[in-house]
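Reading through the structure tokens given below for one structure.
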Amino acid sequence: QVQLVESGGGEVQTGDSLTLSCVASGGTFSSYAMSWFRQFPGKDREHVATISRNDDSTYYADSVKGRFAISRNNAKSTSYLQMNSLKPEDTAVYYCGAGLFWGLSNVAADFRSWGQGTQVTVSS
């Protein structure tokens, strides 16, 4: 199983931007579809974005479409989530997930490896 470490979270103001990074180790990064999920207190993880293993397609939750962008650098074994026009309702713990499959998914169970999470707080 690949190991994942997220970074880049923090506290920002409404309208600001933030970029999260997820570094993978212990596996062949290019074999994994990569995703970002977020979790609000007391709730299940919610899909944010997914990028296919060969970087040719992406899938976004409606709540972030047009504001967030997922990308990956297979040479650096790193996935990114660029978050623009942040809103207070984006405040959550963000998790990076990796899944050994072709294509895209928004189902948390399809991603077997997870990072420890990084807190994003957006104040008004």
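Here are a few things to note about the model shown:
- Given (1) of a type in the set (Val, Ile, Thr); (2) buried (at least 16 other Cβ atoms within 10 Å of the Cβ); (3) under 12 Å from the mean Cα position of the chain (by Cα), number of the condition Val12 does not satisfy: (3)
- Looking across the range 20-65, just one residue is without any contact (Cβ under 8 Å) to a residue 40 or more places away in the chain, hydroxyl-bearing (Ser, Thr, Tyr) and assigned to a strand (DSSP E or B), and that is Tyr60.
- For the range 26-34, the count of residues that are open to solvent by 20 Å² or more (accessible area, probe 1.4 Å), over 17 Å from Gly103 (Cα atoms) and among the β-branched types (Val, Ile, Thr) is zero.
- Within the range 67-100, restricting attention to residues that are part of a loop (DSSP other than H, G, I, E, B) and not charged (D, E, K, R), the residue that is least open to solvent (accessible area, probe 1.4 Å) is Leu86.
- Condition met for Ser35 (out of contact with any Lys or Arg (no Cβ under 8 Å at 6 or more places or on another chain), closer than 26 Å to Ser123 by Cα and of a type in the set (Gly, Ala, Ser)): yes
- The set of residues in the range 101-112 that are of a type in the set (Gly, Ala, Ser) and either under 17 Å from Phe40 (Cβ atoms) or open to solvent by 60 Å² or more (accessible area, probe 1.4 Å) (or both) comprises Ala108, Ala109.
- Some residue of the range 113-122 being over 21 Å from Gln3 (Cβ atoms), hydroxyl-bearing (Ser, Thr, Tyr) and either open to solvent by less than 20 Å² (accessible area, probe 1.4 Å) or assigned to a strand (DSSP E or B) (or both): yes
- Yes/no for Trp114 being under 17 Å from Gly9 (Cβ atoms) and not charged (D, E, K, R): yes
- Taken as a whole, the structure places Val23 among residues that are more than 17 Å from Val122 (Cβ to Cβ), open to solvent by 10 Å² or more (accessible area, probe 1.4 Å) and either at pLDDT below 95 or not polar (S, T, N, Q) (or both).
The values are calculated or read from the model by the stated rules, or taken from the named source; none is laboratory data. This is a predicted model, so every value here is computed, not measured. Heads up, the Cβs are rebuilt from the backbone with ideal geometry, glycines too, and the neighbour counts pull from every protein chain shown. Side chains are part of the model used for accessible areas, which takes the heavy atoms of the whole protein and leaves out ligands, DNA and RNA. Shrake-Rupley method; radii C 1.70, N 1.55, O 1.52, S 1.80 Å.
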